[in-house]
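> Just dropping this structure here.
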There are 2 protein chains.
Amino acid sequence: MPAKKRGTTSSSKSADFSQVDVARLAGVSQAAVSRAFTPGGSLSDDTRAKVMAAVKQLGYRPNVIARSLVQNSTNIIGLVVKRFTNPFYAQMIQEFTRVLQEQGYWTLVFNIAEKQEIEEALPMALQYRVDGLIITSATLSSKLADECARSGTPVVSFNRYATDGHSHMVYCDNFEGGRMVADALIDAGHTRIAYIAGEESSSTNRDRETGFVRRLEERGHALALRESAGEYDYEMGYAAAERLLLSGTPRPDAIFCANDLIAMGALDLARCKLGIKIPAELSIIGFDDIPAAGWPSYELTTVRQPFGILVDTTIQVLMDAIHDPESEVIKKVVTPTLIWRGSSRRKE
Amino acid sequence: MPAKKRGTTSSSKSADFSQVDVARLAGVSQAAVSRAFTPGGSLSDDTRAKVMAAVKQLGYRPNVIARSLVQNSTNIIGLVVKRFTNPFYAQMIQEFTRVLQEQGYWTLVFNIAEKQEIEEALPMALQYRVDGLIITSATLSSKLADECARSGTPVVSFNRYATDGHSHMVYCDNFEGGRMVADALIDAGHTRIAYIAGEESSSTNRDRETGFVRRLEERGHALALRESAGEYDYEMGYAAAERLLLSGTPRPDAIFCANDLIAMGALDLARCKLGIKIPAELSIIGFDDIPAAGWPSYELTTVRQPFGILVDTTIQVLMDAIHDPESEVIKKVVTPTLIWRGSSRRKE
DNA sequence: CGTGATATTGTATACGTATTCAACAAAAAC
DNA sequence: GTTTTTGTTGAATACGTATACAATATCACG
């Protein structure tokens, strides 16, 4: 049992040892103990050994919070995510935490449901003095962006535009992805082409749709039908497809869906509930290339977001910004790839 | 531009204001500013107003790190997860961060790949002085558990046993879940029953399998075949099912898979590659009830882990432990439910 | 007006670390 | 042998906050 207790309230945590305790036991100064834990700290092998012996004997562990206070750097990155049922984002968190850890950073997750909740979560992240922020599925208000800039906290917007003048950006070329799908469907001979939107207010949806529709028009086609899922999830995609396919108008022969989950919902509805042959009677194309898109039950043609590259790039940009706070706004665009699978007809 | 700069190195962050700055501007003491941010702090309306005016003018934001240092409490919970491709765990993180936020806590994620990495990650969590720890998909070595206990950091093991004498536990009754599946398959008239294991070393796999096999034996049946996926993911399940179904021995008429992802892999292999009719020729049952299990393309019969309850219970246990550090080890077992769907035959 | 209770405020200190500065010792250079 | 360089060390201070304690000011009540 530790020889010393601190704190008076019963709810306080048990005693931890400080560098002072270690120093006393080792017969050196507190500064020496600190230097023993500082890479490149000036310390003789002799005292270092004495310190380490005392450290081991006490089971001392440095207090990162105290270090963060004096060094004004926490080694923590704030990751703001919108509530995700989408495997794409689950995979993202997975990947972000992993790569950040490799670089010696830890991830504090802020989970926001409503768009407006970011107004509360982000100030909290700043209060924790995170070294940097990654924002997915949300856009910073200019007021928030200013606060980040003022506190010197670099921000990278992931898969979103940011026009605030401070945030860096890394995103997939959604516009180009939409164009690819338009070309693919026209080339395959489709004539009644539909689109199912995801979350209407998201820039990803806007860009995918705009690229898609523009390219259709460039090649003399028009969008035959449009429906909105409202969210990027399976159930909403299923329901939207139902509205689309039972609307009474002539059935489309191809649907481009704003993401894979929506596409899988649409595919299941068409195939399982309406008995439509995929792709003979209806082509369906998604966006993201989540793992399930490649499963034999779906064989979903889709636009692959190279998320390994996206994540790595995002973290690289963030690291650069942390080490050079004065740098200009960086903007990296990653090009997606069309992955041909069995849910869409090929060129004849 | 802030009137004052701190730090000397070029890489230091921009100036933030401290309570001292606010106090000077408001013409009060630093303590008064602190009290203005302390709920129930003794302060007159007059000075409070002066403080708040200065706060607003400067754009002051409290430094949670400094507060954590003096209060010896960070309001951060460490969440240790094993690298997850499994949607079940993605959903968990989602849910944990959400509920913890509702309770005023933030989540620091530690992502470990290899079992042994926890030996590095966990001390780090302790260095950050987290108020509590939730451990999923891993077991604490007794050495680590001791360190947590010594530092007074409560630990809840999620869906794992912990015999270290300190960790609390919340888990689903996997043993009972296995029994349910055995009963369901026997009642439906199956005679050649197989099992595909997940990660062999996990207690979840062991319990599901043991419950399953024991119950089979109790009712006079034996396990006809056994194969191991090795991991809890789709690809491994697909491959394991291939080995199982092409092994040359008479084909099983039912397979219980250690989780849904494995089951979906097995189902896709059987149906799409081998052309086996599900459930007429082969019943498949999974475990977890992930969202995709209910999709019309799979209609997977499965054992539902009530993960909302699991998460809520875990956090409740953790909160209790934080507020009463001297409490005995708590162990909560949640009972799963069998969800009947189309991938398995019903009783005749 | 006096007295005690109460509310408000400031001073001083603590939390655990990193780091500057000066002191000193040892070694190297001459 | 002296001077210069280099390497080690401790004392002192700073980081930004919370809080115990003492010192007031305010008020109620007689």
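> Could you list all residues from the stretch B:91-105 that are buried (at least 23 other Cβ atoms within 10 Å of the Cβ) and within 7 Å of chain A (Cβ to nearest Cβ)? Quick ask: steps written out before the conclusion?
From the stretch B:91-105, those buried (at least 23 other Cβ atoms within 10 Å of the Cβ) are B:92-93, B:96-97, B:100; that's our starting set.
Across the stretch B:91-105, the qualifying residues are B:I93, B:T97.
> Which of the following residues is within 25 Å of A:F96 (Cα to Cα) and at pLDDT 95 or above: A:F158, A:F212, A:F175? First the steps, then the outcome.
Numbers: A:F158 fails: at pLDDT 95 or above; A:F212 fails: within 25 Å of A:F96 (Cα to Cα).
Testing whether each residue is within 25 Å of A:F96 (Cα to Cα) and at pLDDT 95 or above leaves just A:F175.
> Same structure again: Out of all the residues in the stretch B:69-87, which are over 18 Å from A:F96 (Cβ atoms) and either surrounded by fewer than 22 Cβ atoms within 10 Å (Cβ to Cβ) or free of Cβ contacts under 8 Å to residues at least 60 places away in the same chain (or both)?
Matches in the stretch B:69-87: B:L69, B:V70, B:Q71, B:N72, B:S73, B:T74, B:N75.
> Could you grab me the full set of residues in the stretch B:69-82 that are modelled with pLDDT under 95 and touching a strand residue (DSSP E or B) at 6+ places or on another chain (Cβ under 6 Å)?
Of everything in the stretch B:69-82, those that are modelled with pLDDT under 95 and touching a strand residue (DSSP E or B) at 6+ places or on another chain (Cβ under 6 Å) turn out to be B:V80, B:V81, B:K82.
> Here is a further query. Quick test for you: out of A:M124, A:M169, A:M180, pick the one residue that is free of Cβ contacts under 8 Å to residues at least 24 places away in the same chain and among the hydrophobic types (A, V, I, L, M, F, W, C). Step through it out loud before you land on a result.
Details: A:M169 fails: free of Cβ contacts under 8 Å to residues at least 24 places away in the same chain; A:M180 fails: free of Cβ contacts under 8 Å to residues at least 24 places away in the same chain.
Just one listed residue meets the conditions, A:M124.
> Quick one: would you say B:S283 is under 26 Å from B:R206 (Cα atoms), more than 12 Å from chain A (Cβ to nearest Cβ) and without any contact (Cβ under 8 Å) to a residue 24 or more places away in the chain?
Numbers: under 26 Å from B:R206 (Cα atoms): yes; more than 12 Å from chain A (Cβ to nearest Cβ): yes; without any contact (Cβ under 8 Å) to a residue 24 or more places away in the chain: no.
Taking the combined requirement at face value, the residue does not satisfy it.
> Out of (1) away from every other protein chain (no Cβ under 14 Å); (2) of a type in the set (A, V, I, L, M, F, W, C); (3) surrounded by fewer than 23 Cβ atoms within 10 Å (Cβ to Cβ); (4) within 23 Å of A:M264 (Cβ to Cβ), what's the single condition that is false for A:M169?
Result: A:M169 fails condition (4) only.
The values are calculated or read from the model by the stated rules, or taken from the named source; none is laboratory data. Just so we're clear, the structure is a prediction, and the values are computed from it rather than from any experiment. All Cβ positions, even for glycine, are placed from backbone atoms using ideal geometry, and neighbour counts span all protein chains on display.
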